[in-house]
Amino acid sequence: MSATAPGSLILIGPPGAGCSSVARAIGSAQGLTVLDLGQLVADELGTRPELALVAVAETEYRRIEAGTAERLLERAETGGLVVALGSGCLEARGVRQGLERLRLAGRSTHHVVALTCATRVLATRNGLDAPRSVALGTIHHQFVQMLHERQARCRELADTIIDTSATTPEEAGEQVIRAVEAGFSQHS
């Protein structure tokens, strides 16, 4: 990353891909401020990130999430941030426009990085790796569909793609930093 004028890194990816933990690893390694959308939304709702989506109706959660994400992207324009967005907010038009604005305005300084992961690993990371049962069948199928849709959306919006299936957050963070420094675009 540039030592003179560091840009911002925006991490997007489906639940379990590691946006929050990889963002913390990058922030720690590079001395950059980390802003985690999930944590900020939970703070606004007065709960923990893992409970925030069930603390209010999903439509209300998504409204708050989108507004917060748009503000984070505006802040990211100044540079020096690692922003963990995840993927739930990517359906909001204002969020997609904010990402595109960052990509166009700072093509050499700001980077949108999609974290992807194997479906089986994401299922495990999200607690859906229980032995097959009739009760989990529909939930697992819906989860897999959602993952495929979100990973496709992330790939469309990203400058760089990093697979976190077999990495620690620190290893994935190092891969992101190397990819950004090398100016890679797409798969890494």
Practice item. Return one number: the angle in degrees, 0 to 90 and rounded to the nearest 10, between the long axis of the Cα atoms of helix 169-182 and the longest principal axis of the Cα atoms of the chain. Key: 40
**Study point:** Listed peptides 85-92, 8-15, 26-33, 68-75 by packing density, highest first (mean Cβ within 10 Å)
**Key:** 8-15, 85-92, 68-75, 26-33
Check your understanding: If you line up the long axis of helix 134-157 against the longest principal axis of the chain, both from Cα atoms, how many degrees apart are they, to the nearest 10?
Key -> 20
Practice item. Find out how many positive minus negative residues lie around THR164, taking Lys and Arg as positive, Asp and Glu as negative, among other residues whose Cβ is under 15 Å from that of THR164. Key: +2
Practice item. Give me the percent of Cα-Cα pairs in the range 24-102 that sit more than 14 Å apart, rounded to a whole number. Key: 60
Review point. Which length gain, in nm to one decimal place, applies between SER165 and ALA55 when the Cα-Cα distance is subtracted from 0.36 nm times their residue separation?
Key: 36.6 nm
Practice item. Mind giving me the nanometre distance, one decimal, between the label points for THR33 and ALA118, set 7 Å out from Cα along Cα→Cβ? Key: 3.9
Point to revise | Percent RCO, i.e. relative contact order, over the chain, from Cα pairs under 8 Å lying at least 6 residues apart | key: 32
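Values quoted throughout were computed directly from the atomic coordinates according to the rules given, and no laboratory measurement underlies them. Keep in mind that this is a model prediction, so the values were computed, not measured. Cβ coordinates were reconstructed from backbone atoms using ideal geometry, including for glycine residues, and neighbour counts include every protein chain displayed.
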